[in-house]
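The values are calculated or read from the model by the stated rules, or taken from the named source; none is laboratory data. Note that the coordinates shown come from a computational prediction; the quantities given were computed from them, not determined experimentally. Using ideal geometry, Cβ is built from the backbone for each residue, glycine included, and neighbour counts are taken over all protein chains shown. Areas reflect the complete protein model, heavy atoms only, side chains present, ligands, DNA and RNA absent. Shrake-Rupley method; radii C 1.70, N 1.55, O 1.52, S 1.80 Å.
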Amino acid sequence: MQTKEAITAFAQSEKIKSSIIWASQVADMFAGLSESEKQGAQKIVGAIIRMIGHEIHLCKKSAPHELWTDAEKSVDLALVMIDSHVVQESVYHLTQALTKVTSIGHQSLTYLKDHGLM
């Protein structure tokens, strides 16, 4: 890992973690919605998760790390749950993605600290 990649990975991991948390919270609220509200909520959650997937894809290019691919797979599985109308099941996969993204951020921060940059 290079310094520029570590900085980019750390910054992006923080942004993506925040997005995953928001998407998970919306998916958790899904059960309490009326049937008419669920259609719109499903579209919104799906759109947010797709944006997260795009961000991860960009990170794979700008700040390479093997865990981005694993995080991307978890996000893709969350989308499958959304598209299969089992929105609440997506939370498990989002949590898996969150764990991977958190690891990337931690490893990037460790690299920066070890090199006296933090």
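The table that follows gives values for the structure above.
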{"read-out": "Solvent exposure of the chain as accessible area per residue, Å², 1.4 Å probe", "value": "57"}
{"read-out": "Top positive-direction residue, dipole computed over the chain with Cβ charges, set 79, 6, 36", "value": "6"}
{"read-out": "Relative contact order, percent, the chain [alpha-carbon distance under 8 Å, six or more residues apart]", "value": "39"}
{"read-out": "Cβ charges +1 (Lys, Arg) and -1 (Asp, Glu), total dipole of the stretch 1-107, debye", "value": "300"}
{"read-out": "Reach of residue 100 by Cα under 26 Å, taken over lysines that are not fewer than 8 positions away in the same chain", "value": "4, 15, 17, 43, 60, 61, 73, 113"}
{"read-out": "Proximal charge balance of residue 17 [Cβ under 12 Å; K/R count +1, D/E count -1]", "value": "0"}
{"read-out": "Carbon and sulfur %, accessible surface of the stretch 74-117 computed with the full protein complex present, 1.4 Å", "value": "55"}
{"read-out": "The stretch 18-82, relative contact order [Cα under 8 Å, separation at least 6], %", "value": "34"}
{"read-out": "Net charge of neighbours whose Cβ lies under 11 Å from the Cβ of residue 100, counting Lys and Arg as +1 and Asp and Glu as -1", "value": "-1"}
{"read-out": "Rough spin-label spacing in nm, given labels placed 7 Å along Cα→Cβ, for residue 29 and residue 43", "value": "1.7"}
{"read-out": "Calculated [θ] (222 nm, deg cm²/dmol) that DSSP helices of n ≥ 4 give over the chain, each run adding -39,500 (n - 2.57)", "value": "-29500 deg cm²/dmol"}
{"read-out": "Calculated over the chain: convex hull of Cα atoms, volume per residue (Å³)", "value": "75"}
